[in-house]
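The values are calculated or read from the model by the stated rules, or taken from the named source; none is laboratory data. Computed from a prediction, not measured in an experiment: that's the story for all the values here. Methodologically, a virtual Cβ is constructed for each residue, glycine included, from the backbone with ideal geometry; neighbour enumeration extends over all protein chains shown. Protein only, heavy atoms only, side chains kept; ligands, DNA and RNA dropped before computing areas. Shrake-Rupley method; radii C 1.70, N 1.55, O 1.52, S 1.80 Å.
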Protein chains: 2
Amino acid sequence: MEEVRIGIIGIGNMGTGHATYLARGEVPGARLTAVCDTNPDRLAWARANLGEGVARFEHPEALMDSGLVDGVMIAVPHYDHPPLAIAALRRGLHVLIEKPAGVYTKQVREMNRVAAESGKVFGIMFNQRTNPLYQKLRDLIQSGELGELKRTIWIITNWYRSQSYYDSGGWRATWAGEGGGVLANQDPHQLDLWQWTLGQLPKRVRAFCGFGKWHDIEVEDDVTAYVEYENGATGVFITSTGEAPGTNRFELSGDRGKIVIEDGKLTFWRLRVPERQFNREYRGGFGQPECWKCEIPIQGTETGHKGITANWVSAILHGTPLLAPGEEGIRALELANAMHLSAWTDDWVEIPVDEDLYYHHLQERIRNSKYKKPAGPARTLDIERSF
Amino acid sequence: MEEVRIGIIGIGNMGTGHATYLARGEVPGARLTAVCDTNPDRLAWARANLGEGVARFEHPEALMDSGLVDGVMIAVPHYDHPPLAIAALRRGLHVLIEKPAGVYTKQVREMNRVAAESGKVFGIMFNQRTNPLYQKLRDLIQSGELGELKRTIWIITNWYRSQSYYDSGGWRATWAGEGGGVLANQDPHQLDLWQWTLGQLPKRVRAFCGFGKWHDIEVEDDVTAYVEYENGATGVFITSTGEAPGTNRFELSGDRGKIVIEDGKLTFWRLRVPERQFNREYRGGFGQPECWKCEIPIQGTETGHKGITANWVSAILHGTPLLAPGEEGIRALELANAMHLSAWTDDWVEIPVDEDLYYHHLQERIRNSKYKKPAGPARTLDIERSF
């Protein structure tokens, strides 16, 4: 194959962005050949802006079966990521899904199983993995520079949303329509980076969620989660859509020092001697290990959505390793599900989450949800406005 | 009265500091007339450095009954703050105790009752209340500049201590000798500033403690606590003696913006329109309130221990209001006790803490403590090395 013919399912906010850079030919080896949306306005937009050379479909299966595409990008509401990905993979198509991987792990595990059997290239749009800040952080952790992990604290409260944002779509911030709030819509990137940079998930979670705390919505818009890792390290994740201006600050402590990412900078306070060694050997009472504040160079640029798409295309054409394999999407979702479940049960939740229990609790909330799904397939292609 | 004659009970680390500036005449209206310690070396030090004009006692009651003092400063291990304060107050002496107020609230409540009945001036050495940074923070909160509270996050992990510190005294970091770890010894100032600047305690606490996590000790050296306030605001307090270099960063969010104190600076991100009002009135979907980053001038200097002592002396002589009334010491202790109890019971703890339940749990740990109290009154005057 010399060129990957791509269809985009869902040309709302995200899908439109993907369609635009693909139509401009900005991803080498990729050609946009088809789009799909149930909203006639979006198809009219496609006709006017992408030209007649890009086929238009109302139904995703029709796009998949058209023979016009080698791979699909799926940019529809969260619940529909797994069923559409499964449908495409079963048809022998490569798949790149938007985040989150889905709403509950039971559903996503099935998607991952089908993907593994398909042998197709399956990616997920964790575009923040292209940010060199987090790549450098991952490097410092994985290479051992930070030393054995002691603590992580991510304050990610700069996801401010007003009531008018939530009122802009009836499905938004409902259990039935979106399957969650700030954890499902705004935080998937941070939840992914949290586990991806560390290379591990915590083993248990105790979380505290405010549901409709700052807005007239039924899902969570304020979360504080405490986690414990296998080696005894602990972590905290604090997030909200109800604070302005909010904070995005990720701090990590390890045996060899401390790293803080804030305001687009990474700073490493490096201990000359690892703390555990100092603790064993020092005899002086008060005192602490010598510490150097290091400015770490950050090279490269964040290639974002386009970078993830290009990587997926390159994986299809040349076997390039994926930066964000689709199968890894379940890990951020596992964290979000654990936080919900811990708040719902007011108790600890072990990871992996008991997926049947989570599903049961979620269904209860869907039954009582304010959002009533429209009949027919239209819902599938509601536009996706998350980032 | 034109001059307050002061006796210091316990001339270990802290008491020696107090004796030194008093002996130099650095506190107007105060005269050091007596000191007390069970350690002959410390009394020899007193003789050599304070001169024969300062009487020396082995027993605190002898000092109190000597007729040489109008007030006493108590700088002995934590458990003995309340009984010695009670003994002095009952003798009609003014009292200034070192922090923490005691080890368990049951004991401290009795001290507060006696103090109220005594009519004497009762202060506590919360010297960080003299820090203009926290005074300004308190001003911004109490005057309404920050708006209704939404969240507090205090990361106070720069209390690094090595094993050799803990090994320097057999009573140190034991349930029987000190009654706690980082919460009892290092954090009382921050626990006090947390409640003092806000003007409130949370209503419930869920805490996670590591006991002897980083050191060979039996008490907590690592704590993450989540709290909820009456109005629904939440908070997190993270502390440790096992991390280097650690962090001291206090962040607060309110309806009118965000304040961060870090690196000796206070920054206020002020919203032009309160967030709750913006949330109600804005119609534009994405968007957030206009925010101004404000540099807040910090005036005055931190007068520290000497400032608290001078304030206590001035209260005795002139009725000046106390910056740190002794009765308020129970509030920081309430927080520390709640964190212990929540970790011990793996459950929520309401504030005020069930003081009998706390006492019961503490006694259990004292019975199993590695520290065996020396016989006789000597223990009372073990030197106090905390700050």
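Computed quantities for the displayed model
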{"item": "Selection status of A:Pro245, touching a Cys at 6+ places or on another chain (Cβ under 7 Å) and either within 18 Å of A:Trp196 (Cα to Cα) or surrounded by 15 or more Cβ atoms within 10 Å (Cβ to Cβ) (or both)", "result": "yes"}
{"item": "Count of residues meeting criterion [open to solvent by 10 Å² or more (accessible area, probe 1.4 Å) and aliphatic (A, V, I, L, M)] in region B:197-214", "result": "2"}
{"item": "Answer residue from region B:203-229, given it is within 9 Å of chain A (Cβ to nearest Cβ) and acidic (Asp, Glu) and is farthest from B:Gly181 (Cα to Cα) among those", "result": "B:Glu228"}
{"item": "Restricting region B:1-21 to residues that are at pLDDT 95 or above and surrounded by fewer than 21 Cβ atoms within 10 Å (Cβ to Cβ), the residue that is farthest from A:Phe286 (Cα to Cα)", "result": "B:Glu3"}
{"item": "Among the candidates B:Trp175, B:Trp194, residue that is touching a strand residue (DSSP E or B) at 6+ places or on another chain (Cβ under 9 Å), more than 9 Å from chain A (Cβ to nearest Cβ), crowded, with 22+ Cβ neighbours inside 10 Å and not in a strand (DSSP E or B)", "result": "B:Trp194"}
{"item": "Residues of region A:1-40 satisfying the condition of being assigned to a helix (DSSP H, G or I) and over 16 Å from A:Gly304 (Cα atoms)", "result": "A:Ala23, A:Pro40"}
{"item": "Failed item in (1) crowded, with 23+ Cβ neighbours inside 10 Å; (2) farther than 23 Å from B:Tyr226 by Cα, with A:Glu220 passing the rest", "result": "(2)"}
{"item": "Single residue of region A:35-64 satisfying the filter (touching a Lys or Arg at 6+ places or on another chain (Cβ under 7 Å) and open to solvent by 20 Å² or more (accessible area, probe 1.4 Å)) that is farthest from A:Val103 (Cα to Cα)", "result": "A:Arg47"}
{"item": "Any hit, region A:302-318, residues being without any contact (Cβ under 8 Å) to a residue 40 or more places away in the chain and more than 11 Å from chain B (Cβ to nearest Cβ)", "result": "yes"}
{"item": "Matching residues, region A:250-261, being facing chain B (nearest Cβ under 10 Å) and either surrounded by fewer than 17 Cβ atoms within 10 Å (Cβ to Cβ) or in contact with a Lys or Arg (Cβ under 8 Å, 6 or more places away or on another chain) (or both)", "result": "A:Glu251, A:Ser253, A:Gly254, A:Asp255, A:Arg256, A:Gly257, A:Val260"}
{"item": "The lone exception for A:Asn127 - which of (1) within 20 Å of A:Thr303 (Cα to Cα); (2) surrounded by 18 or more Cβ atoms within 10 Å (Cβ to Cβ); (3) out of contact with any Gly (no Cβ under 6 Å at 6 or more places or on another chain) it fails", "result": "(3)"}
{"item": "Filter result for the condition that a residue is over 23 Å from A:Thr247 (Cβ atoms), modelled with pLDDT of 95 or more and in the same structural domain as B:Val273 (by TED's automatic domain parsing), over B:Asp255, B:Asp221", "result": "B:Asp221"}
{"item": "Close pairs from region A:276-297: first over 28 Å from A:Pro132 (Cα atoms) and facing chain B (nearest Cβ under 7 Å), partner modelled with pLDDT of 95 or more and open to solvent by 80 Å² or more (accessible area, probe 1.4 Å), Cβ under 7 Å, at least 6 apart", "result": "A:Pro289/A:Arg272"}
{"item": "Only one of B:Thr234, B:Thr247, B:Thr239, B:Thr267 that is of a type outside the set (Gly, Ala, Ser), within 10 Å of chain A (Cβ to nearest Cβ) and closer than 30 Å to A:Arg270 by Cα", "result": "B:Thr247"}
{"item": "Candidates B:Gly144, B:Gly67, B:Gly119 - the one that is closer than 30 Å to B:Arg276 by Cβ and open to solvent by 20 Å² or more (accessible area, probe 1.4 Å)", "result": "B:Gly144"}
{"item": "Of the criteria (1) in contact with a Lys or Arg (Cβ under 8 Å, 6 or more places away or on another chain); (2) within 14 Å of another protein chain (Cβ to nearest Cβ), which one A:Tyr358 fails", "result": "(2)"}
{"item": "Test: residue in region B:22-34 that is within 21 Å of the chain's Cα centre (by Cα) and either open to solvent by less than 30 Å² (accessible area, probe 1.4 Å) or not small (Gly, Ala, Ser) (or both)", "result": "no"}
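Here is a yes/no grid of residues against (1) outside the structural domain of B:Val205 (by TED's automatic domain parsing); (2) more than 30 Å from A:Pro274 (Cβ to Cβ):
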residue	(1), (2)
B:Phe250	no, no
B:Gly264	no, no
B:Glu295	no, yes
B:Asn311	yes, yes
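Residue-by-condition table, conditions (1) at pLDDT 95 or above; (2) open to solvent by 10 Å² or more (accessible area, probe 1.4 Å); (3) among the hydrophobic types (A, V, I, L, M, F, W, C):
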| site | (1), (2), (3) |
| --- | --- |
| A:Leu323 | yes, yes, yes |
| A:Ala338 | yes, no, yes |
| A:Asp354 | yes, yes, no |
| A:Arg365 | yes, yes, no |
